[in-house]
1. Applying the selection to region 127-164, what residues are farther than 24 Å from residue 236 by Cα and open to solvent by less than 20 Å² (accessible area, probe 1.4 Å)?
2. Sort out for me the helices (runs of 4 or more DSSP H) sitting completely within region 1-97 that have 2 or more residues that are basic (Lys, Arg) and open to solvent by 10 Å² or more (accessible area, probe 1.4 Å).
3. Report every pair of residues separated by at least 6 positions or lying on different chains whose Cβ atoms are under 8 Å apart, first residue within region 226-244 and among the aliphatic types (A, V, I, L, M), second assigned to a loop (DSSP other than H, G, I, E, B) and open to solvent by less than 50 Å² (accessible area, probe 1.4 Å).
4. Kindly provide the set of residues from region 165-211 that are assigned to a loop (DSSP other than H, G, I, E, B), at pLDDT below 95 and either under 15 Å from the mean Cα position of the chain (by Cα) or buried (at least 21 other Cβ atoms within 10 Å of the Cβ) (or both), ordered by number.
5. What do you reckon, is residue 137 in a loop (DSSP other than H, G, I, E, B) and in contact (Cβ under 8 Å) with a residue 40 or more places away in the chain?
6. For residue 100, work out the one condition from (1) outside any loop (DSSP other than H, G, I, E, B); (2) within 27 Å of residue 239 (Cβ to Cβ); (3) open to solvent by 30 Å² or more (accessible area, probe 1.4 Å); (4) free of Cβ contacts under 8 Å to residues at least 60 places away in the same chain it doesn't fulfil.
7. What about residue 155, is it in contact with a Gly (Cβ under 7 Å, 6 or more places away or on another chain), among the hydrophobic types (A, V, I, L, M, F, W, C) and within 27 Å of residue 123 (Cβ to Cβ)?
8. Is it fair to say residue 124 is in contact with a Ser or Thr (Cβ under 9 Å, 6 or more places away or on another chain), at pLDDT 85 or above, open to solvent by 40 Å² or more (accessible area, probe 1.4 Å) and in a strand (DSSP E or B)?
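The values are calculated or read from the model by the stated rules, or taken from the named source; none is laboratory data. In this text the structure is predicted, and so the values were computed from the model without any measurement. Cβ: placed from backbone, ideal geometry, glycine included. Neighbour counts: every protein chain shown. Areas reflect the complete protein model, heavy atoms only, side chains present, ligands, DNA and RNA absent. Shrake-Rupley method; radii C 1.70, N 1.55, O 1.52, S 1.80 Å.
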Amino acid sequence: MDADPRIDRTKPHSARVWNHLLGGTDNYPVDREAGDNLLRMFPDFAQVARLQREFLHRAVTYLVTKVGITQFLDIGAGLPTADNTHEVAQRLAPEARVVYVDNDPLVLLHARSLLTGTEQGRTDYIDADVREPDAILESAARTLDLSRPVGLVMLSIAGQVPDHDLAAGLVRRYIAALPSGSHLALSDGVNVNPALMEAVNAYNQRAAFPYTLRSPGQLAGYFEGLELVPPGVVSTPLWRPVPGPLPDKVNAVCGVGRKP
């Protein structure tokens, strides 16, 4: 499945574990073991992953059809699955442009072969860490017009930065570089369930990069200075849901905010 010497198959990586939880096959035994252990300790973890993907679909659909945004910067893209950002956006607006960012070499390997866009649009990939905003923005500008509104997508990426102040500062740095009318779509897990916290702590003991759960208030703070799109920062399935039954509680929140 790979030939890149940077790919570490001895420790679980979040993108590959997430891929396993979503039913994908682009992962290794160590990732499946970590994912299965998460499910044993917190059986709803796969639901958290699935509902976040559904939020991505709804958020991108909203930004294209209701706001008219046709370019996206997706930081922490993860491994390609069904209905990736470019697929949703370009299905609605074939001219849409999408730039993905991730630093897992396996994601890079698959991005090169799978993340192809429409003839009218364009899809690109940046191999970089979220902590490198200047380099990411400079590279993204080769594909995106940063003088026009951009949809900034950050799903489960703020939790990859252990220091809360640093994570919040990074979000602000990206938003500051984008023009008025740009939107932030963000979602992350929250530290309100002891069983989930225990499961994540156990995962962090072996993971290549730990994941940090934060309070709903901390995550809402990432939208400071932005105009929240109703219904605001809410449990993941409650953001503009499609008709049908909804889970009672999900241990992740999300929101979309507009830069004035």
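1. 128, 133, 136, 137, 140, 143, 144
2. Per the criteria, 29-41, 45-62.
3. 226/259; 233/223
4. Matches in region 165-211: 211 only.
5. So residue 137 fails the test.
6. That leaves (3) as the condition not met.
7. Criteria met by residue 155.
8. yes
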